[in-house]
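K.L.:
One structure follows; several queries about it will come next.
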Amino acid sequence: MVRAAGGADLTAIGRAGLTMHNHPLRAALAEEMHLRRLPRFAAPCRLVQIVTVLEEAAADAARAHIATLAEQGREIVPVAGKYGVLGLGPVALVWERHTEFATYTLLRGGAGDAGAGTEAEAEAEAAAGTPSRYAPSLFDPGAFEPALSAIFKDLPGAIIRATQIALVPRAAGDPTPDDLERWFASEATILCDVADGAARIVSDFRLNPDGYGRLLVLDRGLERDEPAQLVMRLQELGNYRNMALLGLPLAQRLTPSVTDLESRLAHLTQAVSERTSEDDRLLDELTYLSARLARLVAETRYRMSATRAYAQLSTDRLASLRIGGVRGYQTLGDFTERRLVPAVRTCDSFSARLEDLSQRAAWTSELLRTRIDIALSKQNRDLLLSMDRRATVQLRLQQTVEGLSVVAISYYLVSLIGYLLTAIPGVHHDVATAAAVPVVIALVALGRWRMHKHLAA
């Protein structure tokens, strides 16, 4: 133990300081790197994975559902917010919570592995000339009961993907053509090597009458964690691919609406360029079109961006599988790219049309506003000219009134002077009054002039 001079435990002090200065998200970020993984397993092994799409309201229900399952079994990895591993009898359940979906993966080692079926089945196959080393129950979901029924009970969300996976050892050998025809649609069979030839996969990626897809993984040298990593990548590829394809029906359904808006916007733009059109009517139609366009953008923006993100994840998982072709069969890469790439490009084209339409609507709106502003400017100019004319007329009237007021004021002043002259003896009243008239008029006019000059100053 290391101690300071005062006897303090330096190791304890170091731990306390490390804890005190931790970022609030340090533990959560460290834990995030260890989530979303499958426990280690090896061939022979059977798996079932169920993927459910969750709405925001179903997030709490998903957490409550897995908590109920945890009460029925034992916790191998304690259930946290996004991940947990439970033991349900002989079956292990791996639960993962993603942003939009949740996965339930059931594992059962050695269940339904390669091997002969009943003696009668083996004799029948031998008599047919196509003996098989694979049990007929290789893709029987009943092997996961009663755990599977417990999961389906009160399962939140809607199932978007359900897959049965069989991992068989190298000793089982390759399946016969009859095996492949019994499990998969011959016209849609996907067969290729993965992990640089360490495994081979077979599937047709179709829904079977039992509601599940089927995936056969042939172990050809997988070691340690490789089986779990391979199955996880294969399932992530399929899950992300399905989530990416969710945007395609939305784009296809709303494409006619976008086409209609493009046509209406073209007519509006043409009407804006014509001087005979009514601005009020154009503004109402453009406002309605912009509102519809904004609603479309709000309705599809998240789904289209999610499609791009899921498609990129699918591409990354596809590259990590290191696929090798098998002559005569379509590979997983061919199958994925043949449908995923056109779907994603359709969604990208749909998003680009919306963005272009929004930009064109903004331009048309700007043109219409410019046209209205010019019309208002002309109206203001005409109003100012009219006001100028009225002001000129009023000025002239005022000048006329002022001229008359000089006469009127002069008249009253002369009258007052006449009254004063009447009171002075010896003054000839008429002559004096007449002589005062020009003087009074001159003085009044001078006073008016000085007043105007003072006001102008």
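K.L.:
Scan the range 423-437 and tell me whether some residue there is touching a residue at least 24 places away in the same chain (Cβ under 8 Å), of a type outside the set (Ser, Thr, Tyr) and assigned by TED's automatic domain parsing to the domain that holds Gln399.
P.N.:
yes
K.L.:
A further question on this structure: Output the number of the condition that Arg161 fails; it satisfies all remaining conditions of (1) charged (D, E, K, R); (2) buried (at least 16 other Cβ atoms within 10 Å of the Cβ); (3) under 30 Å from Tyr240 (Cβ atoms); (4) free of Cβ contacts under 8 Å to residues at least 60 places away in the same chain.
P.N.:
With respect to (1) charged (D, E, K, R); (2) buried (at least 16 other Cβ atoms within 10 Å of the Cβ); (3) under 30 Å from Tyr240 (Cβ atoms); (4) free of Cβ contacts under 8 Å to residues at least 60 places away in the same chain, Arg161 is out only on (4).
K.L.:
Separate question: Among the small types (Gly, Ala, Ser), at pLDDT 85 or above, loosely packed, with under 12 Cβ neighbours inside 10 Å and under 27 Å from Ala143 (Cα atoms) - does that describe any residue in the range 71-86?
P.N.:
Looking for residues that are among the small types (Gly, Ala, Ser), at pLDDT 85 or above, loosely packed, with under 12 Cβ neighbours inside 10 Å and under 27 Å from Ala143 (Cα atoms), one finds none in the range 71-86, hence no.
K.L.:
Please work out if Ala57 is assigned to a loop (DSSP other than H, G, I, E, B), at pLDDT below 85 and farther than 17 Å from Thr163 by Cβ.
P.N.:
Numbers: assigned to a loop (DSSP other than H, G, I, E, B): no; at pLDDT below 85: yes; farther than 17 Å from Thr163 by Cβ: yes.
No.
K.L.:
Right, Ala375: surrounded by 10 or more Cβ atoms within 10 Å (Cβ to Cβ), touching a helix residue (DSSP H, G or I) at 6+ places or on another chain (Cβ under 9 Å), without any contact (Cβ under 8 Å) to a residue 60 or more places away in the chain and in the same structural domain as Thr255 (by TED's automatic domain parsing) or not?
P.N.:
The answer is no for Ala375.
K.L.:
Leu155 versus (1) modelled with pLDDT of 90 or more; (2) in a loop (DSSP other than H, G, I, E, B); (3) closer than 27 Å to Ile323 by Cα: which is the lone unmet condition?
P.N.:
With respect to (1) modelled with pLDDT of 90 or more; (2) in a loop (DSSP other than H, G, I, E, B); (3) closer than 27 Å to Ile323 by Cα, Leu155 is out only on (3).
K.L.:
Let me spell it out: the conditions are (1) more than 37 Å from the chain's Cα centre (by Cα); (2) hydrophobic (A, V, I, L, M, F, W, C); (3) buried (at least 22 other Cβ atoms within 10 Å of the Cβ), and Phe184 meets all of them except one. Which number is the exception?
P.N.:
All conditions are met except number (1).
K.L.:
Glu119 passes all but one of (1) at pLDDT below 85; (2) surrounded by 18 or more Cβ atoms within 10 Å (Cβ to Cβ); (3) at negative phi; which number fails?
P.N.:
(2)
K.L.:
Do any residues in the range 386-415 that are in the same structural domain as Ala436 (by TED's automatic domain parsing) have Cβ atoms under 7 Å from those of residues that are modelled with pLDDT under 80 and not hydrophobic (A, V, I, L, M, F, W, C), where the two are at least six apart or on different chains, and which pairs are they?
P.N.:
Glu402/Arg448; Val406/Arg448; Val414/Thr433
Quick grid of which residues meet (1) over 17 Å from the mean Cα position of the chain (by Cα); (2) surrounded by 15 or more Cβ atoms within 10 Å (Cβ to Cβ); (3) in contact (Cβ under 8 Å) with a residue 24 or more places away in the chain:
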| residue | (1), (2), (3) |
| --- | --- |
| Leu246 | no, yes, yes |
| Leu261 | yes, yes, yes |
| His267 | yes, no, no |
| Ala271 | yes, yes, no |
| Ala291 | yes, no, no |
| Ala311 | no, yes, yes |
| Leu332 | yes, yes, yes |
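K.L.:
Further question on the same structure: Restricting the first residue to the range 335-349 and requiring it to be surrounded by 20 or more Cβ atoms within 10 Å (Cβ to Cβ), which pairs with a second residue that is of a type in the set (Ser, Thr, Tyr) meet a Cβ separation below 7 Å and a spacing of at least six or different chains?
P.N.:
Here the result reads Thr336/Ser314; Leu340/Ser314; Val344/Thr307; Cys347/Thr307, each pair linking the range 335-349 to a residue that is of a type in the set (Ser, Thr, Tyr).
K.L.:
Exactly one condition in (1) exposed (fewer than 14 other Cβ atoms within 10 Å of the Cβ); (2) over 30 Å from Asp280 (Cβ atoms); (3) of a type in the set (S, T, N, Q) is not met by Thr315; state its number.
P.N.:
(1)
K.L.:
Does the range 353-363 contain any residue that is farther than 30 Å from Leu245 by Cα and part of a helix (DSSP H, G or I)?
P.N.:
yes
K.L.:
Can you tell me which residue among Arg241, Arg224, Arg253 is in contact with a Leu (Cβ under 9 Å, 6 or more places away or on another chain) and among the basic types (Lys, Arg)?
P.N.:
Among Arg241, Arg224, Arg253, only Arg241 is in contact with a Leu (Cβ under 9 Å, 6 or more places away or on another chain) and among the basic types (Lys, Arg).
K.L.:
Continuing with the same structure: Quickly run through the range 144-167 and pick out the residues that are in contact with a strand residue (DSSP E or B) (Cβ under 6 Å, 6 or more places away or on another chain) and of a type outside the set (S, T, N, Q).
P.N.:
Phe144, Ala147, Ile151, Gly157, Ala158, Ile159, Ile160, Arg161, Ala162, Ile165, Ala166, Leu167
K.L.:
Separate question: Could you identify the single residue in Leu230, Leu215 that is under 27 Å from Arg97 (Cα atoms), in contact with a Ser or Thr (Cβ under 8 Å, 6 or more places away or on another chain) and either in a strand (DSSP E or B) or not assigned by TED's automatic domain parsing to the domain that holds Thr300 (or both)?
P.N.:
Checking each option against the conditions leaves just Leu215.
The values are calculated or read from the model by the stated rules, or taken from the named source; none is laboratory data. Owing to the predicted nature of the structure, the values given are computational and were not obtained by experimental measurement. Virtual Cβ from ideal backbone geometry, glycine too; neighbours counted across all protein chains shown.
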